[in-house]
Amino acid sequence: MIFGNETISTYTRSNISIWMVLAFQAGLLNMGGFMACHSFVSHVTGYATLFGQEVNRAEFKFALGMLLVPLFFLAGAMLSGVLVDLQIKLQKKPRYYIVFGVLFSLLLFVVVGGFNGLFGHFGEPLEQSRDYTLLALLCLICGIQNGTVSLVSRSMVRTTHLTGITTDLGIGLVRVFNRDLLHGKIDDEWKANFMRIGIIGFFALGSISGFAAFRDLGFRGFLFPCAISFTLFALTVYHQLIKPRMA
């Protein structure tokens, strides 16, 4: 993935390493969003639930916010479709460097904006429009990340939420436990299951690390996912733009 290949080998070492790092980043972002304004950022299902709750409480302003924020996750997925999927369909190189450049820029804006009071006080209740703005930005980031990884892994990997991965793990474990009945039709299932367990573990590790970081640093805790995205941005710029010109 990081080398900008059109054909993605699902279980290469570089791909798996990046998926684990992005799962760790997603754990950080979810913890940061939860601690900043008391809402997770990558679970569209949760927003639908909260929308129903606010409607029944006749809090229509908040209900509208819960309805609009997930649209930014959708927008992020669409952006990844333009930069990655559409490029592949047109037999061109996916623009991973733009993807990670956008992620880095958005996260840097969150850090700078938070530090300068653009999103209010860290940890305040989800009541002001500025809180919904922060959630929308974080949803956009997660949508871009999740859409990109989903595309390059042929929909086998999700890094920003664990429902799909946990479902796949359950199915995969049944396949492994019954490998004698399936007569060699599960050659990659062991690798897939270890990858799924790894993503769950790194997401949890990101959440644990995020709690300590955001508790002590507030909005500056977003510097950690910002640094991850910048590193991936720099690597993709090198492999997709600089290295080919040096060859």
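Points to keep in mind about this one:
- Subset of the range 52-70 (residues that are surrounded by fewer than 19 Cβ atoms within 10 Å (Cβ to Cβ) and either in contact (Cβ under 8 Å) with a residue 12 or more places away in the chain or small (Gly, Ala, Ser) (or both)): Gly52, Glu54, Ala58, Phe62, Ala63, Leu67, Leu68
- Just one residue in the set Gly147, Gly172 is modelled with pLDDT of 80 or more, touching an Asp or Glu at 6+ places or on another chain (Cβ under 7 Å) and crowded, with 19+ Cβ neighbours inside 10 Å; that residue is Gly172.
- Hey, Thr160 surrounded by 16 or more Cβ atoms within 10 Å (Cβ to Cβ), of a type in the set (Val, Ile, Thr) and outside any helix (DSSP H, G or I) or not: yes
- Options Ile200, Ile186, Ile171: the member that is more than 23 Å from Leu74 (Cβ to Cβ), aliphatic (A, V, I, L, M) and not in a helix (DSSP H, G or I): Ile186
- Flag set for Phe119, criterion: over 9 Å from the mean Cα position of the chain (by Cα), under 17 Å from Cys226 (Cβ atoms), crowded, with 22+ Cβ neighbours inside 10 Å and aromatic (Phe, Trp, Tyr).
- Residue that is hydrophobic (A, V, I, L, M, F, W, C), surrounded by fewer than 20 Cβ atoms within 10 Å (Cβ to Cβ), modelled with pLDDT under 90 and touching a Cys at 6+ places or on another chain (Cβ under 6 Å), where the choices are Leu108, Leu86, Leu126: Leu126
- Qualifying residue in the range 203-220 (condition: out of contact with any helix residue (DSSP H, G or I) (no Cβ under 8 Å at 6 or more places or on another chain), in a helix (DSSP H, G or I), surrounded by fewer than 23 Cβ atoms within 10 Å (Cβ to Cβ) and among the acidic types (Asp, Glu)): yes
The values are calculated or read from the model by the stated rules, or taken from the named source; none is laboratory data. Since we're looking at a predicted model, the values are computed, not measured. So basically every Cβ, Gly included, is an ideal-geometry build from the backbone, and we count neighbours across all protein chains shown.
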